[in-house]
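Here the structure comes first, spelled out in structure tokens, and everything after it is commentary.
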Amino acid sequence: MRSILSEASQVPFAAQVEEIVASTPVYDIHTHLYEPAFGKLLLWGIDDLLVYHYLVAEAFRYLDLPYEKFWSLTKMEQADLIWRELFLEHSPLSEACRGVLTTLQAFGLDVKRRDLPAIRKWFAAQTVENHTSQCLKLAGARKICMTNSPFDEQERPVWEQGFHRDERFAAALRIDPLVLSWSETAPKLAGWGYAVDADAAAPKTFSEVRRFLGDWCRRMDARYVMVSLPPDFAYPSSSVSAALIERANLPHCREFNLPFAVMPGVKRAVNPGLKLAGDGSGLSDLRALQNLCAQHPDNKFLATVLARENQHELCVLARKFRNLHIFGCWWFTNVPLIVEEMTRMRIELLGLSFTPQHSDARVLDQLVYKWQHSRRIIARILVEKYTELGRAGWQTSRSEVERDVKDLFGGAFERFCAR
Ligand code: FIX
Ligand code: ZN
């Protein structure tokens, strides 16, 4: 076996690992992007980059104007305001601001000119088809998993009409309204022909919800079913949410051999005036996840948790339950400080049996920076870890590093799903 260390005289060890991490294609397992067939639902371009809700929240740290006034502006006016506050009036040091610059620079744009009209002009000359390919290429993404909701009025008709699927995109069925707002969702399901009752315990409700889930997983060819959860979500419990999960969703996932992805820790609408930017984070009670994994060994669970303070406990849970695959540095944890800490901790506790990152991109172009930034951190940690193995007398071959990185970038996830 050729050792990567014995080749050190030609290309330094660290540079080889960095090159492998930079060039291994990734399966981005959770995004809010859409296939081009979804038309306007696929966001891209400079104005969508600038009105990203991460940047809206940051801009309001400086802006004085009332929220309503901001929302009454056109997208371009909002983008102008954010550009002025976050890039011109102050240096764009935050992770989300830096991300815009990394992305623009990757497209070959000269960001130091600070010329927003010129940037707009460049984007206006792109087509969505070419731009999709360009962003995937610059991100090194081989597959993108969408977040797909039958409860979304714009999205549902696209699925119902049918379209030619783009192989580069996979679907995931998102069921937050079903699990978290049953009283509003039951009449919708009833209207779509499922014999459910607002009283979730009514006969047939669970089997009809299962029929609904089955219909949509088939229609979408969903790779998993996903829900985000508030920090105080409890399981088991007498709540309607817990009953729907236990009696409809988990049997459905077992029947279709699909993982159930849970994302605990989000406090929705902490500040409703900020709309999408107004969600917050809280410490989750991970006993719920522990109980789900322990009581349903025939189900597979994917999990990412929002609070930094939950990350160690989540790793320990993954050590206890092989039906749990943890992934990504979600949302407020997707900043270099915490990505570094979480990735290091996960490797130290789990080896390679997890998925270190997903992009959560809402705007196509964000794939570029989210992956470039994450790859650099992952590479740095791997160099250190392989070097430490070298100190212990273990030499890692190039093909072994390639194998490991493939696992981290989607291989381990795909094996977990196929199990
Ligand atoms: O619930 C989710 O999937 C979250 O990722 C989003 O709702 C959130 O708004 C987001 O974009 C985080 O990155
Ligand atoms: Zn998300």
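The values are calculated or read from the model by the stated rules, or taken from the named source; none is laboratory data. A quick note: this is a predicted structure, and the numbers were derived from the prediction, not measured. No Cβ is skipped: glycine too gets one built from the backbone with ideal geometry, and neighbour counts run over all protein chains shown. Only protein heavy atoms, including side chains, enter the accessible area calculation; ligands, DNA and RNA are left aside. Shrake-Rupley method; radii C 1.70, N 1.55, O 1.52, S 1.80 Å.
Could you run through region 31-47 and say how many residues are within 14 Å of GLN78 (Cβ to Cβ) and more than 16 Å from ligand 2 (Cβ to nearest atom)? Reasoning before the result, please.
Step one: list which residues in region 31-47 are within 14 Å of GLN78 (Cβ to Cβ), which gives 43, 45-47.
If we keep only those that are more than 16 Å from ligand 2 (Cβ to nearest atom) too, we end up with 45-47.
The number of residues fulfilling the criteria is 3.
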Where a residue in region 358-383 is farther than 17 Å from PRO36 by Cβ and within 13 Å of ligand 2 (Cβ to nearest atom) and its partner, wherever it lies, is part of a helix (DSSP H, G or I) and of a type in the set (D, E, K, R), with Cβ under 9 Å and at least six apart: HIS358/LYS370; SER359/LYS370; ASP360/LYS370
Among the residues of region 341-352, is there at least one that is among the hydrophobic types (A, V, I, L, M, F, W, C), within 16 Å of ligand 1 (Cβ to nearest atom) and at pLDDT 95 or above? yes
List every residue pair whose Cβ atoms sit under 7 Å apart, with the two residues 6 or more apart in sequence or on different chains, where the first one lies in region 320-331 and is under 23 Å from VAL266 (Cα atoms) and small (Gly, Ala, Ser) and the second, anywhere, is open to solvent by less than 30 Å² (accessible area, probe 1.4 Å) and within 16 Å of ligand 2 (Cβ to nearest atom). GLY328/HIS30; GLY328/THR304; GLY328/THR355; GLY328/GLN357; GLY328/HIS358
Taking region 196-225 and keeping residues in contact with a Pro (Cβ under 9 Å, 6 or more places away or on another chain) and within 16 Å of ligand 2 (Cβ to nearest atom) leaves ARG223, TYR224, VAL225
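Could you tell me whether region 384-405 includes any residue that is within 18 Å of the chain's Cα centre (by Cα), in contact (Cβ under 8 Å) with a residue 60 or more places away in the chain and surrounded by 16 or more Cβ atoms within 10 Å (Cβ to Cβ)? First the steps, then the outcome.
As a first pass, look at region 384-405 and keep what is within 18 Å of the chain's Cα centre (by Cα): none.
No: zero hits.
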Which one of these does ALA307 not meet: (1) open to solvent by 10 Å² or more (accessible area, probe 1.4 Å); (2) touching a residue at least 60 places away in the same chain (Cβ under 8 Å)? (1)
Collect the residues in region 48-77 that are more than 16 Å from ligand 2 (Cβ to nearest atom) and not in a helix (DSSP H, G or I), keeping them in residue-number order. VAL51, PHE60, ARG61, TYR62, LEU63, ASP64, LEU65, PRO66, LEU73, THR74
Looking only at residues in region 229-274 that are open to solvent by 20 Å² or more (accessible area, probe 1.4 Å) and of a type in the set (Phe, Trp, Tyr), which one is nearest to ARG287 (Cα to Cα)? PHE233
